[in-house]
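Reviewing the structure listed below.
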Amino acid sequence: MSYPYQVQTIDEYKAAYDKSISDPEGFWGDIARHFQWKKPWEKVLEWNFKEPSVKWFVNGRLNITENCIDRHLATLGEKPAIIWEPNNPEERVRVVTYNRLHKRVCQFAQVLRNNGVKKGDRVCIYMGMVPELAYAVLGCARIGAIHSVIFGGFSAQSIADRLEDAQATFIVTCDGAYRGEKVIPLKSVIDDALVGNKTVKRVIVYTRTRTAVSMIKGRDVWWEDEMEHAESQVEKEGVVSFPAEEMDAEDPLFILYTSGSTGKPKGVVHSCAGYMVWTAYTFVNVFQYQPGEVHFCTADIGWITGHSYIVYGPLAAGATSLLFEGIPTWPDAGRFWDIVDRHKVNILYTAPTAIRSLMGFGLEPLQGKDLSSLRILGTVGEPINEEAWHWYDEHIGKGRCPIVDTWWQTETAGILISNLAGVTPAKPTYATLPMPGVQPLLVDENGVEVKGNPAAGNLCIRAPWPGIIRTTYGDHERCRQAYFSTYEDLYFTGDGALRDEQGNYRITGRVDDVLNVSGHRIGTAEVENAINMHAGVVESAVVGYPHDIKGQGIYAFVIYQGRAGDPDANRKDIVQTVSRLIGPIAKPDKIQFVSGLPKTRSGKIMRRILRKVAEGESSNFGDTTTLLDPAVVEQIAAGRL
């Protein structure tokens, strides 16, 4: 059996792509009919990129959880929906069937209702990678609450900023989370984030690590107690039910914060119907998923990859999704391969950072591991370098598994450019061809399209796909400025790209002030703001530089006038400041103390010079005559770390 909307040959891909461009409404209308609707749409698409305004499946009504769970119960009820692999390999694996998932999601939806959560309320979720995180996400969607999942590595200050921006009224968290040998005290971080908070009414706490926590009367409640009470409310005589809220196609499903080119995180909003159709369509087609297969996406649900390819995409397709709590190198560097062997994983979707890290341990961790169940390999988060691609192909795929090199963003909801596994050709380091419905083009700095092949330019998209960002929460003008104002009537990705003779796209990296570290986007301004909060820092500038494992590292140039002493100690203090304000993910890899920064007479930092220094260039900095003090460039270059 395959899916009615699954493309299985190169000719079918070409036909689907052509129809999606010539008749997008007919194309997506045909696909959307394979999902469950409470009320059909009146029009497939209305859009303009000036405001911007995009509406898919206009006035259609549905609930995404009925499509991810309820409609599968008759045929897949006792099949695994989620396989949970805990951090500690000695701990019991949990297999959550579709029937069990249905019960738990209904229960948690009732818990939310019992605690006063209503449709449209914002619920912040800050949990480890446990099945209860999926129950919380889907429970919110069941009642029409807008979930905002925050990655467990973010600091209390980062959480406080997101709570304030979303005006969140409810939080779901854990006492703690396991991450390799570490225990992360999540509830304690939430308590710190809530100091001074005026909007949060209730904190629901799941017990995972038995970490001692402070429970505030009237605000904090235990997950287990709430679920036990809700069980009798949703289950009568063995029948589980909790009516799913009827949602408009364009009602917000979730907010996910991403780091922008200004210091303040921006809340990307995705809506119910378009997101569902896009994630299911891309999941089934890119990975060529076959019913019954085990799909292992190694991402965290705190990032968009986890939203789309651990939870919503696979479940909408009735797939089995493997959820992993731990890290790839604990208790040893063979952990991924143990998991593939134990659970007979068919599809492995991970980040180039993880592949490069595991390459460094050599082939010994692969010894005795049966990887013969693998059929498809995938990469996500950043372009994969050729050496890592060939290692992945040879040692993990044994030369017989197609590798899909997927390019997409938080704002796109799902994959935009990728080969389809075994259907369209792969090319190392290239994302290759666009998905049906995606119209990429390259433009120069003036917005003039670069035609012909080969070509290079800034990557834009000409028309909307169902998963496109709808707004940035509470600030639609910011959405317009960030994505739709640079080039008229185009969505600007912020990435540069090359296009080869066959029309394959290769992403060359960010062209704006955003870094891509281990596949996660971090705004330079956000890191600079955190560095500048250190008492001894006058000013800073942050750029990316090539990093063997992370792909891109963070290089900070800092004007420091704090207390004298050991420069390394001062660097550690600055790193600690960034970790406390944003989280460990944003800490600089290198900090160079400088006497000044290369600024133009208007006060703008000339980052291209700093990038060249960070990349190892000692001369050839181009025209520096517009700088206020050209001599500072030589000083910075001489002091490079």
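Name the single residue that is farthest from D70 (Cα to Cα) among those in segment 17-59 being surrounded by fewer than 18 Cβ atoms within 10 Å (Cβ to Cβ) and small (G, A, S).
S22
If you take the residues in segment 548-587 that are aliphatic (A, V, I, L, M) and surrounded by fewer than 17 Cβ atoms within 10 Å (Cβ to Cβ), which one is nearest to V380 (Cα to Cα)?
Filtering segment 548-587 down to residues aliphatic (A, V, I, L, M) leaves 549, 554, 556, 558-559, 564, 569, 574-575, 578, 581-582, 585-586.
Add one more test, that the residue is surrounded by fewer than 17 Cβ atoms within 10 Å (Cβ to Cβ), and what stays is 549, 559, 564, 569.
Numbers: I549: 15, I559: 36, A564: 43, A569: 36 Å.
My answer is I549.
For segment 128-180, which strands (runs of 3 or more DSSP E) that fit wholly inside it have 3 or more residues that are in contact with a strand residue (DSSP E or B) (Cβ under 6 Å, 6 or more places away or on another chain), assigned by TED's automatic domain parsing to the domain that holds V203 and at pLDDT 95 or above? Even if it seems obvious, please write down each step before you answer.
Numbers: elements: 146-149, 170-174, 177-179.
In segment 128-180, 146-149, 170-174 are the strands (runs of 3 or more DSSP E) which contain 3 or more residues that are in contact with a strand residue (DSSP E or B) (Cβ under 6 Å, 6 or more places away or on another chain), assigned by TED's automatic domain parsing to the domain that holds V203 and at pLDDT 95 or above.
Just to be sure I understand, how many residues within segment 487-501 are among the acidic types (D, E) and either touching a Cys at 6+ places or on another chain (Cβ under 8 Å) or surrounded by 14 or more Cβ atoms within 10 Å (Cβ to Cβ) (or both)?
2
Per-residue answers, yes or no, for (1) in contact (Cβ under 8 Å) with a residue 40 or more places away in the chain; (2) assigned to a loop (DSSP other than H, G, I, E, B); (3) among the acidic types (D, E); (4) surrounded by 18 or more Cβ atoms within 10 Å (Cβ to Cβ):
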position	(1), (2), (3), (4)
F361	no, yes, no, no
P365	no, no, no, yes
L377	no, no, no, yes
V404	yes, no, no, yes
T424	yes, yes, no, yes
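Which residues, taken from segment 240-267, are at pLDDT 95 or above, farther than 22 Å from C297 by Cα and within 16 Å of the chain's Cα centre (by Cα)?
Result: G267, single match.
Suppose we filter A333, A273, A354 for residues that are touching a helix residue (DSSP H, G or I) at 6+ places or on another chain (Cβ under 8 Å) and surrounded by 24 or more Cβ atoms within 10 Å (Cβ to Cβ); which single one remains?
Unique residue meeting the criteria: A273.
Can you name every residue in segment 83-116 that is surrounded by fewer than 24 Cβ atoms within 10 Å (Cβ to Cβ) and hydrophobic (A, V, I, L, M, F, W, C)?
Result: I83, W84, V93, V95, V96.
Does at least one position in segment 196-210 carry a residue that is touching a residue at least 40 places away in the same chain (Cβ under 8 Å), within 23 Å of the chain's Cα centre (by Cα) and within 30 Å of V240 (Cβ to Cβ)?
Looking for residues that are touching a residue at least 40 places away in the same chain (Cβ under 8 Å), within 23 Å of the chain's Cα centre (by Cα) and within 30 Å of V240 (Cβ to Cβ), one finds none in segment 196-210, hence no.
Tell me whether segment 286-295 contains one or more residues that are crowded, with 24+ Cβ neighbours inside 10 Å and either assigned to a loop (DSSP other than H, G, I, E, B) or of a type in the set (S, T, N, Q) (or both).
Yes; the residues of segment 286-295 include at least one that is crowded, with 24+ Cβ neighbours inside 10 Å and either assigned to a loop (DSSP other than H, G, I, E, B) or of a type in the set (S, T, N, Q) (or both).
Quick one: how many residues across segment 227-247 are touching a residue at least 60 places away in the same chain (Cβ under 8 Å), more than 19 Å from S148 (Cβ to Cβ) and either of a type in the set (A, V, I, L, M, F, W, C) or in contact with a strand residue (DSSP E or B) (Cβ under 6 Å, 6 or more places away or on another chain) (or both)?
Qualifying residue count, segment 227-247: 7.
For segment 438-452, check the following and say yes or no: at least one residue is buried (at least 18 other Cβ atoms within 10 Å of the Cβ), modelled with pLDDT of 95 or more, more than 30 Å from S271 (Cβ to Cβ) and under 23 Å from the mean Cα position of the chain (by Cα).
Checking segment 438-452: not a single residue is buried (at least 18 other Cβ atoms within 10 Å of the Cβ), modelled with pLDDT of 95 or more, more than 30 Å from S271 (Cβ to Cβ) and under 23 Å from the mean Cα position of the chain (by Cα).
Within segment 330-374, take every residue that is among the polar types (S, T, N, Q) and under 21 Å from the mean Cα position of the chain (by Cα) and give me the one that is farthest from A280 (Cα to Cα).
Once the filter is applied, the top-ranked residue is S357.
State yes or no: is I69 within 30 Å of M129 (Cα to Cα) and either of a type in the set (A, V, I, L, M, F, W, C) or at pLDDT below 95 (or both)?
The answer is yes for I69.
Within segment 299-345, track down each residue that is modelled with pLDDT of 95 or more and aromatic (F, W, Y).
Result: Y309, Y312, F324, W330, F336, W337.
Among the numbered criteria (1) farther than 23 Å from Q288 by Cα; (2) assigned to a helix (DSSP H, G or I); (3) out of contact with any Ser or Thr (no Cβ under 7 Å at 6 or more places or on another chain), which single criterion is violated by E51?
The one condition E51 does not meet is (2).
Please determine, by comparing only the residues of segment 495-537 that are free of Cβ contacts under 8 Å to residues at least 40 places away in the same chain and in contact with a helix residue (DSSP H, G or I) (Cβ under 8 Å, 6 or more places away or on another chain), which one is farthest from R580 (Cα to Cα).
Here the residue is L515.
For residues that are hydrophobic (A, V, I, L, M, F, W, C) and either within 14 Å of Q107 (Cβ to Cβ) or outside the structural domain of L163 (by TED's automatic domain parsing) (or both), tally how many sit in segment 188-221.
Total satisfying the criteria: 1.
Out of segment 144-171, which residues are of a type in the set (V, I, T), buried (at least 21 other Cβ atoms within 10 Å of the Cβ) and farther than 30 Å from V93 by Cβ?
Matches in segment 144-171: I146, I159.
With respect to P331, determine if the residue is more than 27 Å from Y257 (Cα to Cα) and part of a loop (DSSP other than H, G, I, E, B).
So P331 passes the test.
When you scan segment 334-358, how many residues do you find that are of a type outside the set (S, T, Y) and in a helix (DSSP H, G or I)?
Final tally of qualifying residues: 14.
Name the single residue, out of those in segment 375-404 being under 20 Å from T329 (Cβ atoms) and of a type in the set (F, W, Y), that is farthest from the chain's Cα centre (by Cα).
W391
For R563, work out the one condition from (1) more than 23 Å from T508 (Cβ to Cβ); (2) at pLDDT 90 or above it doesn't fulfil.
That leaves (2) as the condition not met.
The values are calculated or read from the model by the stated rules, or taken from the named source; none is laboratory data. All of these numbers come straight from a predicted model, not from anything done at the bench. For neighbour counting, all protein chains shown are included, and Cβ atoms are generated from backbone atoms with ideal geometry for every residue, glycine included.
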